[in-house]
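The values are calculated or read from the model by the stated rules, or taken from the named source; none is laboratory data. Remember, it's a predicted structure, so these values are computed and weren't measured experimentally. Every residue, glycine as well, gets a Cβ built from its backbone with ideal geometry; the counts of neighbours run over all protein chains shown.
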Amino acid sequence: MHSLAVFLAVGLLHWSAIVEAQSTARWCTTSGPESNKCVAMRNKFAAKGLQPGIVCVVGKSVQECMRLIQDNGADLITLDGGDVYVAGKDYNMVPIMEEVYEQGKRGYYAVAVVKKSNTAINISNLRGKRSCHTGIRKTAGWNVPIGFLLENNYITPEDCQQDIKAAGQFFSASCVPGVLSDAYNPSGDNPRNLCQACKSPQCERNSNEAYYNYAGAFRCLAEDAGDVAFIKPQTVLDNTDNKNQDTWAINLASNDFELLCPDGSRKPVSEAASCNLALVPPHAVMTAKTKTANAISTYQNLLTNAQEIFGADTNTEGFLMFDSYAWSDSDLIFKDSTIRLDKITNKNYAQFLGDSYVGTIQGINKCPSNTLRWCVISDQELDKCRAMSAAFKVKGLTPEISCFREMDHDGCMKSIYDDEADVVTLDGGDIFQAGTRYQLRPVLAEYYQEQSDASYWAVAVVKSSSSFTINDLKGKKSCHTGIMKSSGWVVPIGHLIDRGDISVEGCDVAVAVGNFFSASCVPGAQSPAYDLTNSNPDNLCQLCTGTNDNKCVRNANEPYYGYDGAFRCLVEGAGDVAFVKHTTVSSTLGSSMEFPWASSSTKNDFQLLCRDGGRGAVDDWQTCNLAKIASHALVTSSKKTTTQRSQIADLLLNAQKHFGHDTNNQGFRMFDSSGYAANGNAGSDLLFKDATIYLADVGARDEYDEYLSPEYVKDLHAINCDSTNDAAYLHPSITILLLLVAILKAI
């Protein structure tokens, strides 16, 4: 019997390897020409019997491709350095192959070039000078130099992620093609002096602007429109010493230009290796970090074998991997200057990019020094955060506040863990994730009533005209504040699981909930942070009403997000039951001006579902609720010292003396979000819950499990099925191994 078990084990493992080795390689493309080249690549690879077979997946953008790869909707994409950083940091991706260019060079150097005759200029005195850039958000022309100047404190930002405004204040005049376009200036407030040095008033990010791209930025310097040009060294060599016969370049000599070095010195253009702002890494083929070593090896072998046949531009097979001329475009799938792909072994995105390049990227996002960096997740929160910063500054409160934008609370947790932000306010479910995954700790608790503990009640609200009870929820339509939020998900779903109403198989709670309710709005249910295996059912987002990419997102861009949003879902008839907190109905109906969708409703139109199967009035929450849970709390990194945590607490405790009352006449109210509208609604619960009366120090309850209570943590572990230990997100090959263990035990 033992030999049979071994045979089964070896056989199943071999079968698993074969399945994985023969699986397709889904390449994500972002344009029509790139998709067409991908189809040609697929056909040519297949004709040569290369495995796995290529499948071409179309994404609307590079970011959508990243999401698809993280969500297991695609496998591969080639990205430049800036996108490698985003893919690795925010989308859990890893580089597996890197492009190698002419003469075996790995990437290129981003440099600052000046005229040799301008002897007074160096890297430390660029303030007030005129600058020439290849284009806004281009690597060598913007991201690296501006990131370098920010990271090294030559440029001082007024707020986080405000590199454009900071650069406009730093340089006296510039040519930054595209900086005033709608795509890069949606608010219309980018500094106009960043286009002042351009040839064309339109300052376009294309060849209509004579100073666009590498040669254009160098021409800007050569024609004395600027004092410094941010380009690559090869640009100088390609446009001097009679290599460029255009009128502007015909008399230029390479030795008439020099590089500005980070140490304040200057060197000839030929010495870029020791005088540069950063080594810009080559483009890299990336895949999901969750892929097994065998899957990654399969992709690497496919590309290695393919380039032996199709890699040389002189091959006669009818397909050139590193040439895009046939599709009337350039740099499709791979850069056209690529001569080969090399394997990358056991490197994460930061190791691949290198410290100097990562530093420039972090510089672009840099916040003002010595500020408390508050993480926000929507435009509304950003507006309120900046208003709070200004109000605190008027009162002389320190440290000053700066505002760091992320897409959702999971992004905020990551940013605090990575020391890009300092604080964010979270509910109980998020505090659990913050503590277990990112080692964050609570500092201050919100209090909603004059009471001895920081807590509130989770309730289930229904329309009085309905007749069902807590015992009859199967098949109903449900409205939730957000996935993994306390009163909107953890408590009600945990309660229904505990009752036996929802049956969970294989630790897949989301699937079980999708099978239980006929339709729901659970904001965030299909976001990468909460759907790691891309298996959460579509009906969890069916009732949500956000438009395009905002549908079912876990922030205020989804109209049915949060307490007021979940209640609105019920009021407007989308759902049959809303899981919210005990004050939601009263506070919303009491402010019809702020919530016009609730203007025709009264408290009598709604009831609460009680745990015992009865119903209660909306004000009977003390006796008719699902659970009493810990209030929201301000959290920060566990790496903060006791002194730093005290400074954070003191700032907010002092601030609420001035701005904590909704009737204060200071012009800013910490616990009122009504002045920050979006989606046709007044803002609600921005930065803090609007129901907050005051903040208080958490005291000894400064660890997530102590703050939430052992009982609540137990419920969270149950509803997560210990997902923080990755038990809920096993790769199929691990599942096979578990099956083998079961077989062995049975034998």
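Numbers at a glance
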read-out	value
Selected residue [in contact with a Leu (Cβ under 9 Å, 6 or more places away or on another chain) and in a loop (DSSP other than H, G, I, E, B)] from 483, 416	483
Within the range 84-98, considering residues that are of a type outside the set (A, V, I, L, M) and out of contact with any Asp or Glu (no Cβ under 8 Å at 6 or more places or on another chain), the one surrounded by the fewest Cβ atoms within 10 Å (Cβ to Cβ)	92
Condition check for residue 589: out of contact with any Ser or Thr (no Cβ under 7 Å at 6 or more places or on another chain), closer than 17 Å to residue 462 by Cβ and of a type outside the set (Lys, Arg)	no
Hits in the range 113-141 (condition: over 14 Å from residue 173 (Cα atoms), of a type in the set (S, T, N, Q) and touching a residue at least 12 places away in the same chain (Cβ under 8 Å))	117, 118, 122, 124, 134, 139
When residues of the range 440-472 are limited to those that are acidic (Asp, Glu) and either under 30 Å from residue 638 (Cβ atoms) or touching a helix residue (DSSP H, G or I) at 6+ places or on another chain (Cβ under 8 Å) (or both), the one modelled with the highest pLDDT	446
Where a residue in the range 511-526 is within 14 Å of residue 490 (Cβ to Cβ) and its partner, wherever it lies, is among the hydroxyl-bearing types (Ser, Thr, Tyr) and assigned to a helix (DSSP H, G or I), with Cβ under 7 Å and at least six apart	524/530
Tally of residues being in a helix (DSSP H, G or I) and in contact (Cβ under 8 Å) with a residue 40 or more places away in the chain across the range 541-567	6
Scan of the range 419-438 for residues that are part of a helix (DSSP H, G or I) and either of a type in the set (D, E, K, R) or out of contact with any helix residue (DSSP H, G or I) (no Cβ under 7 Å at 6 or more places or on another chain) (or both), ordered by number	430, 437
Members of the range 359-402 that are charged (D, E, K, R) and farther than 17 Å from residue 654 by Cα	366, 373, 379, 381, 383, 384, 386
Unmet requirement for residue 515, which otherwise passes all of (1) in a loop (DSSP other than H, G, I, E, B); (2) of a type outside the set (D, E, K, R); (3) surrounded by fewer than 20 Cβ atoms within 10 Å (Cβ to Cβ)	(1)
Test: residue 409 is modelled with pLDDT under 95 and either under 25 Å from residue 543 (Cβ atoms) or among the small types (Gly, Ala, Ser) (or both)	yes
Residues located in the range 390-413, provided they are surrounded by fewer than 21 Cβ atoms within 10 Å (Cβ to Cβ), in a helix (DSSP H, G or I) and touching a Leu at 6+ places or on another chain (Cβ under 9 Å)	391
Candidates 726, 662, filtered to the one that is more than 26 Å from residue 493 (Cβ to Cβ) and modelled with pLDDT under 90	662
Residue count, the range 190-216 (criterion: part of a helix (DSSP H, G or I) and either over 20 Å from residue 165 (Cα atoms) or of a type outside the set (A, V, I, L, M) (or both))	7
All positions within the range 618-640 that are farther than 20 Å from residue 491 by Cα and not in a loop (DSSP other than H, G, I, E, B)	634, 635, 636, 637
Single match in 404, 322 (criterion: among the aromatic types (Phe, Trp, Tyr) and under 16 Å from the mean Cα position of the chain (by Cα))	404
Residue match in the range 575-583 (condition: at pLDDT 90 or above, surrounded by fewer than 23 Cβ atoms within 10 Å (Cβ to Cβ), over 20 Å from the mean Cα position of the chain (by Cα) and not β-branched (Val, Ile, Thr))	yes
Residue within the range 133-144 that is part of a strand (DSSP E or B) and of a type outside the set (Gly, Ala, Ser) present	yes
All strands (runs of 3 or more DSSP E) inside the range 271-377 with 1 or more residues being surrounded by fewer than 17 Cβ atoms within 10 Å (Cβ to Cβ) and in contact (Cβ under 8 Å) with a residue 40 or more places away in the chain	340-343
Options 272, 278, 295; residue that is aliphatic (A, V, I, L, M) and over 20 Å from residue 139 (Cβ atoms)	295
Number of positions in the range 686-711 that are modelled with pLDDT under 90 and part of a loop (DSSP other than H, G, I, E, B)	2
Condition check for residue 172: modelled with pLDDT under 95 and not acidic (Asp, Glu)	no
Residue 682 vs. criteria modelled with pLDDT under 90, under 20 Å from residue 386 (Cβ atoms) and surrounded by fewer than 19 Cβ atoms within 10 Å (Cβ to Cβ)	no
Extreme residue, nearest to residue 351 (Cα to Cα), among residues of the range 267-292 that are among the β-branched types (Val, Ile, Thr) and modelled with pLDDT under 95	280
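Rundown of residues vs (1) more than 26 Å from residue 101 (Cα to Cα); (2) of a type in the set (Phe, Trp, Tyr), yes/no style:
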| site | (1), (2) |
| --- | --- |
| 239 | no, no |
| 243 | no, no |
| 248 | yes, yes |
| 252 | yes, no |
| 258 | no, no |
| 262 | no, no |
| 277 | no, no |
| 282 | no, no |
